[in-house]
Amino acid sequence: MPQFYAFRPTEFNSTSPSCGCAAHRFGNAADHPERVRRYPSDMTDAEWETIRPLLPVPAWLEGRGGQPEGYCHRQMLDAVRYLLDNGIKWRAMPVDFPAWSAVYAFFRRWREQGLIAEFHHRLRGRVRQAEGRSLQPTAAIIDSQSVRAAETVGAATRGWDSGKKVGGRKRHITVDSTGMLLVVLVTGADVQDRDAGLPLLEQLRRHHHKITLVWADGAYAGRLVDSARDHLALTLTVVRRPAASTGFTVLPRRWCVERTLAWLMHRRRLVRDYERLPATSEAMMLWSMTMLMGRRLARRRPPRRTSRPQARPPSPAPPGASTST
């Protein structure tokens, strides 16, 4: 898969269990005091130790311009996670985090330079390897979700979904067989699934060249199946609901992407769309998945070694018993 930015993983030798980020070692983060971790969205030490080597290397650290960062990377990540998890406004950032303007500048820089996409890509590869899978997926599932939009969303990027009776935006996503995000595209809610499916599959083919099979629901049937086969060399298989089924039915393969959409709704910031730019909404979804993957990797423990049970020694003969045969 062609990476957005070919950064090398960082190596840290800090003995501090709480940080050791590049901003503390080489930047100006030491000028600001440490904060006490008190919120459920804050990273634990185990989670930070897991994701720290996967962080992109700052440009100023490799001599590509820019000033050394003045805030701890762990504090910045915790601040973005707090905003996403609790659904607050940027200006309502708690005082124990860095200033909201600095946090927003950090978030915008990671979005515009593709750093959050690269960080998400590295975490996804680590999760797949931890589950015994190959680094690159070979199959995907596609689906969409319509959500209501707040008044901050402009009329140019919103619409009305007549099927779901929802006015706002629509999230088009593709996931692998484990439910991890591969590609995300945010449009107005009036965009049909088959119309947004072609640019979504083009991004999927561009960044995940090993994928040859994609599962979808009936909304993607029709000309999109032929376009995916003829122009993208993708086999788009439509998983239809059984005709005799009534009520809720778990459909093969499609339940993976439905579960991912449910994971995204765990973050209050994603329950509705509050972002002015669709690119910001896409970045928020990637940040949400990084939270899930980081916690999953931190909870994972190496398998416990199981030794072969030893044979029990023979019990001693009772006193006075004869040993002759």
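Among the conditions (1) at pLDDT 95 or above; (2) surrounded by 13 or more Cβ atoms within 10 Å (Cβ to Cβ), the only one that Ala92 does not satisfy is (2). Does region 216-231 include one or more residues that are aromatic (Phe, Trp, Tyr), out of contact with any Phe, Trp or Tyr (no Cβ under 8 Å at 6 or more places or on another chain), under 25 Å from Ser134 (Cα atoms) and part of a helix (DSSP H, G or I)? Within region 216-231 (the criterion being aromatic (Phe, Trp, Tyr), out of contact with any Phe, Trp or Tyr (no Cβ under 8 Å at 6 or more places or on another chain), under 25 Å from Ser134 (Cα atoms) and part of a helix (DSSP H, G or I)), the answer is no, since none of the residues qualifies.
Any chance region 236-250 includes a residue that's in a helix (DSSP H, G or I) and among the small types (Gly, Ala, Ser)? Scanning region 236-250, I find no residue that is in a helix (DSSP H, G or I) and among the small types (Gly, Ala, Ser), so the answer is no. When Tyr82, Tyr71 are screened for being at pLDDT 90 or above and not hydrophobic (A, V, I, L, M, F, W, C), only Tyr82 passes.
For Gly163, the requirement of being free of Cβ contacts under 8 Å to residues at least 24 places away in the same chain and in a strand (DSSP E or B) is not met.
Scanning region 168-200 for residues that are farther than 30 Å from Ala130 by Cα, β-branched (Val, Ile, Thr) and either in a loop (DSSP other than H, G, I, E, B) or not assigned by TED's automatic domain parsing to the domain that holds Thr235 (or both) yields one hit, Val191.
Inside region 206-239, residues that are in contact with a Leu (Cβ under 8 Å, 6 or more places away or on another chain) and more than 19 Å from Val184 (Cβ to Cβ) make up a count of 8. Contact map, region 205-228: first residue in the same structural domain as Gln145 (by TED's automatic domain parsing) and hydroxyl-bearing (Ser, Thr, Tyr), second residue buried (at least 23 other Cβ atoms within 10 Å of the Cβ) and not in a helix (DSSP H, G or I), Cβ cut-off under 8 Å, separation 6 or more or different chains; pairs are Tyr220/Ile142. A single member of Arg272, Arg253 is charged (D, E, K, R) and at negative phi, and it is Arg272.
In region 171-192, of all residues being at pLDDT 95 or above and of a type in the set (S, T, N, Q), the one that is farthest from Phe119 (Cα to Cα) corresponds to Thr187. Please indicate, with yes or no, whether at least one residue in region 248-260 is in contact (Cβ under 8 Å) with a residue 12 or more places away in the chain and closer than 22 Å to Leu77 by Cβ. The answer is yes; a qualifying residue exists.
Of the numbered criteria (1) of a type outside the set (A, V, I, L, M); (2) over 23 Å from Pro252 (Cα atoms); (3) modelled with pLDDT of 95 or more, the one Asp195 fails is (3).
The values are calculated or read from the model by the stated rules, or taken from the named source; none is laboratory data. Treat the numbers as computed from the prediction; the structure is a model and nothing was measured. For neighbour counting, all protein chains shown are included, and Cβ atoms are generated from backbone atoms with ideal geometry for every residue, glycine included.
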